[in-house]
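Remarks on the structure that follows.
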Amino acid sequence: MNVVVCVKQIPDPAGTMKLDQSSHNLVREGKLILDESDSYGVEMGLQLAEQAGGGEVTLVSMAPNSETSGLRTALAMGAARAILVSDPGLAGTDALGTAKVLAAAIKRAEPDLILTATESTDGYTGTIPAQIAELLGMPSVTFSKKVTISGDNVTVERQTEEGYEEVEVPLPAVLSVTAGVVEPRYPSFKGIMAAKGKPVDELKVTDLGIDGSAVGASGARQEVTAVTPAEARKAGEIVTDDGDGFQQIISYLERIKVI
Amino acid sequence: MLFTEEHDSFRRTVRGLLEREVTPHADEWEEAGHFPAHALFKTLGAHGLLGLEYDPAYGGQGADHSYAVILGEELGRMGCPGVAMAVGVQTDMATPSLHRFGSPDLKEKYLGPAIRGEMVTSIAVTEPDAGSDVAGIRTRAARDGDQWVINGSKLYITNGTQADWLCLLCRTSDEGGYRGMSQIVFPTDTPGFAVSRKLDKLGNRSSDTAELSFTDARVPVTNTIGEIGRGFQQQMNQFQNERMSAVYNSVGGMGRALERTREYLKQRRAFGAPLLANQYIQFKLAELAAELDVLRHYTYACAEAYIAGQDTTRFATIAKLKAGRLQRNLADTCLQFHGGIGYMEETWTARYFRDSRLLSIGGGADEVMLQVLSRLDGFTA
């Protein structure tokens, strides 16, 4: 069972995020880290490969400046190798362009299964998993919370607003994995040291046989036209408890339809 | 000291693991006066944290000491010094001699399981009449053929109620003073061994501390670590590891305490402004931050000297002395600036204030550090 996990390397959400004033894109300079939402896919990929009794996990990522910090984290967790597409020509690429690049890179790994997060923590488009599946001509299952491989098929419990539905699709397939469904392992010391020596194949757009004009800012069909700061949070309401505080809490919760 | 990407990654692993496995349970374990050492150590062992610098042949990671610095800082930061101390006993107090001087058989049987977290260990040196004055110990191992017959008692033994084996220092000849002592691996299921009582401490309450007794307890002479009669010297060596690891804990804990105090004082308002708008408070905290930074980099210099194979006695002595004093001052200041709520047991400052007191006493009191330093620097007549 060879699994590809798409991972994004993002600016540390604990730090301050900056937007480029002209393009309205997130400034992605400096050190990037593994998007935490991707760690669930990595963990699930590792578990599926272990359960299958063979095979390996390959990471596929697109990032500026040959960034590998986030990849090393996932390699330390146990992934065997990584394919990194890093090319100045990719600056300004939109979601579909990203999906084209990732799909082309995924093809090289010839996986049985492709896992992604449901959306990234810095971009939040949430469209890439389905776009990759379409480009690769594979079935797409989103919001997977439980994944079981049975022969040439994969059975997925798919999270919905009401509960979950069970879906079975033939392999290979593209699955997006919801956060929190598995507990991502912490890399051990040995894993961290081993990650240093694991192969990261760095590719350019031309290596993937993609027309350079189809990606990057020039190929982008999606444009962020304006960015507005989120409304500042209003001060909270202070309720004085004259012995009926609990009733006021209950009526507040009823008002916001929590109960 | 240059920390690499691997160091940063290791720090993230340790911090994340400890925040998941220890921090949420700290209050409960403090209340209980006990933490589940076997369960926690297994988890830590599985991540390679209990034998970072040890030989991979026995399950160690073969890392250099810089990783132990990170582990120590993060153990200090997690907000449960009792557990940090218990881990430190396992990694830096009870096992270094065994790793360095023990026979292959002894290491196979006792070091491997300690590194994997399958066995909990204690260092048993202090006695009712001999603490910092190690040369005064009286617990005796008398030779009977190929066995030691051990009689005596040990006091203030960390992990004492849960330990599977002790690194026991006792007299093996009548030479007296610092001569004629040996370090012995003592399995606690040996007949004649008993936990006399569990001790009630001011701080670090989640860590169990015990008084132990030995009555005609027999262990094989092959359980001796290193050379018979060299126990004192081996133990003095082991103390350097203990002091360094205690200071790394302290540095991590103080950094976290300053962060927490800063965040509280930003949101706590008095007289129409956040408390942190008060210049007196700003300067007091800045001064502590400066002193902490100096200490942190002093410990890095100590670690580098250790990695280079130099004798770190002077480094470790000074670091422990200054860390103990700074920590008392810093814990007191953090509590003070929290005001009334800081004095409440529900606030972290109360426990931190109690826990912080130990560093100036354990592993050689401040006064012993001063004595060692006076001797090293020739302040004697």
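Worth pointing out:
- For the stretch A:121-134, the Karplus equation 6.51 cos²θ - 1.76 cosθ + 1.60, evaluated at θ = phi - 60°, returns couplings of 7, 9, x, 6, 6, x, 9, 4, x, 5, 5, 4, 4, 4 Hz by residue, with Gly and Pro reported as x.
- Cα centroid of the stretch B:168-204 to Cα centroid of the stretch B:91-134, whole Å: 11 Å
- Diffusion coefficient of the stretch B:233-376 by Stokes-Einstein, Kirkwood radius over Cα pairs, 4 °C, 1.567 mPa s: 80 µm²/s.
- Scaling the Cα radius of gyration of the stretch A:85-202 by the globular reference 2.2 N^0.38 Å produces a ratio of 1.18.
- Rh (Kirkwood; distinct C-alpha pairs) - the stretch B:159-310, Å: 19.8 Å
- Each label was represented as a point 7 Å from its Cα along the Cα-to-Cβ direction; for B:Asp133 and A:Val239 these points are 6.6 nm apart.
- Solvent-accessible area of B:Arg269 with every protein chain in place, 1.4 Å probe, in Å² to the nearest 10: 150 Å²
- Straight-distance crosslink candidates among aspartates and glutamates, where the alpha carbon sits under 18 Å from B:Lys266 and sequence neighbours closer than 8 are dropped: B:Glu287
- For the Cα trace of the stretch B:1-98, dividing Rg by the Kirkwood Rh returns an Rg/Rh value of 0.96.
- Whole-Å distance, taken between Cα centres, linking the stretch A:195-259 and the stretch A:49-86: 25 Å
- Only helices enter the 222 nm calculation for the protein assembly as shown: every DSSP H run of n ≥ 4 contributes -39,500 (n - 2.57), and dividing by all residues gives -12500 deg cm²/dmol, rounded to 500.
- Summing Cβ point charges (Lys, Arg +1; Asp, Glu -1) relative to the Cα centre of chain B gives a dipole of roughly 700 debye.
- FRET efficiency, A:Ser22 to A:Ala130 (Cβ-Cβ, R0 22 Å, nearest 0.05): 0.15
- The spread of Cα positions in chain B, taken along each principal axis and listed from longest to shortest, comes to 79, 52, 42 Å.
- Whichever lysines have a C-alpha closer than 24 Å to that of B:Lys107, once near sequence neighbours (fewer than 8 apart) are set aside: A:Lys190, B:Lys42, B:Lys154
- Positive end of the dipole of the stretch A:3-219 (Cβ unit charges, origin at the Cα centre): among A:Ala99, A:Pro170, A:Pro199, the Cα lying farthest that way belongs to A:Pro199.
- Percent of C-alpha pairs per 20 Å bin, the protein assembly as shown, short to long: 17, 41, 32, 10, 0
- Taking the centroid of alpha carbons for each part, the stretch B:291-355 and the stretch A:116-178 are 50 Å apart.
- Computed accessible area, B:Arg268, all protein chains, 1.4 angstrom probe, square angstrom: 120 Å²
- Panel values: chain A, Kirkwood radius from alpha carbon pairs, Stokes-Einstein at 25 °C and 0.890 mPa s, translational diffusion coefficient 123 µm²/s.
- DSSP beta bridge pairing in the stretch A:3-219, given as percent antiparallel to the nearest 5: 40 percent
- Cross-link reach is defined here as a Cα-Cα straight distance under 28 Å, omitting same-chain residues fewer than 8 places apart; for A:Lys100 the lysines meeting it are A:Lys8, A:Lys18, A:Lys31, A:Lys145, A:Lys146, A:Lys198, A:Lys204.
- Neighbour net charge for B:Phe193 - beta-carbon separation under 11 angstrom, K R +1, D E -1: 0
The values are calculated or read from the model by the stated rules, or taken from the named source; none is laboratory data. All of these numbers come straight from a predicted model, not from anything done at the bench. Every residue, glycine among them, receives a Cβ derived from its backbone with ideal geometry; neighbour counts consider all protein chains shown. Note: areas computed on protein heavy atoms with side chains; ligands, DNA, RNA excluded. Shrake-Rupley method; radii C 1.70, N 1.55, O 1.52, S 1.80 Å.
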